[in-house]
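Below: one structure, written as structure tokens.
The values are calculated or read from the model by the stated rules, or taken from the named source; none is laboratory data. For clarity, every value in this text was computed on a predicted model and none was experimentally measured. In this analysis, Cβ positions are derived from the backbone assuming ideal geometry, glycine residues included, and neighbour counts consider all displayed protein chains.
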Amino acid sequence: MTSQTEVPVRAPAKTSADDTVQPFEVAPLDLRGRVVRLGPAVDEILSPHNYPPPVAKLLGEAVALTVLLGSALKIEGRFILQTQTDGPVRMLVVDFRSPGNVRACARFDAARVAGAVEAGEASAGAMLGRGHLAMTIDQGADTSRYQGLVALEGGNLEDAAHEYFRSSEQIPTRVRLAVGEEMSPGAGHRWRAGGMLLQFLPKAPERARVADLPPGDAPEGTPTHVFEEDEAWAEGRSLIETVEDLELLDPSLSSERLLYRLFHERGVRVFKSLPVAAECSCSRDSVEAMLRSFSQDDRDHMVEDGAISVTCEFCSASYRFAPDDVRPDNVESEPNAGSPS
């Protein structure tokens, strides 16, 4: 007979479904984390736009990172990741809506991207350049937004996530991200993405301490803060750093088996996986309401070939309106309109 508090032990699943987030815990090391595996969802986001490969790879990494972070929300709301930089990929936007819907888009300079590829300088850091990354939690109209910022200084998104948690949250954290193309006979290529987040969350707060931030204007020669890294976190950090891209992308390797590879000596507990879907929130009604909010002069300048056309940057859906259909006075005049004969 087992006690009510005993955790059942079973073999890790051989396969795991795409488009899922797998939360886990390594209790002996005070570690918690999540693994995300994205197949059709990330392909649905990337393929319709026909992004150049370096842009698609970077946006795929941003999607994986956003899902890892957004899926931790315990509330109804949105988690938005956005970059603004001076690099060839000047903006990335990923919008995650709980419990598991995600959409994303990128803005880039095609000529600069092509030049970087030709010069062999198409790394994630080179594509991003310098600027900032913003992470926003939006719980709705009647609440205040929370936003965290981290500088982008030529590094990749993993570097930015590590810096954010070090400087803003002060939680020892490591992230691994991977994006690749899967070749399918007769179906061409399909994008895949994967990621893992690992955090050290001991019950004793002093065990989770991190090094102090740079002293800023302190006098020259001021000694820097030195701290001894907790052995449990040192072990967990060293293990996640061994994870290879292929392990995060291989559809034949389940998230559970990957976690077992890493932590079987300590024991790893998995929780119920969470589904993820690519889904845009745009609609004809929302676009129409947006157009009505513009001035008449602005709407007049939008008219081409007798109509106003709007294409969603996220999902590429197109909406076409007759100019009179989006006049604000149409809403007021409808009650007095005569019924058709």
Might you check whether a residue that is part of a helix (DSSP H, G or I) and closer than 16 Å to F321 by Cβ occurs anywhere in the range 272-284? yes
E265 outside any helix (DSSP H, G or I) and at pLDDT 90 or above: yes
Could you check, for the range 135-143, whether at least one of its residues is more than 14 Å from L69 (Cβ to Cβ), at pLDDT 80 or above and surrounded by 16 or more Cβ atoms within 10 Å (Cβ to Cβ)? no
Every residue in the range 92-124 that is surrounded by 18 or more Cβ atoms within 10 Å (Cβ to Cβ), assigned to a helix (DSSP H, G or I), more than 17 Å from the chain's Cα centre (by Cα) and of a type in the set (G, A, S), please. A116
Subset tally (residues that are surrounded by 15 or more Cβ atoms within 10 Å (Cβ to Cβ), of a type in the set (A, V, I, L, M) and more than 16 Å from S316 (Cα to Cα)) for the range 265-295: 5
Could you identify the single residue in S316, S273 that is closer than 27 Å to I45 by Cα, polar (S, T, N, Q) and modelled with pLDDT of 90 or more? S273
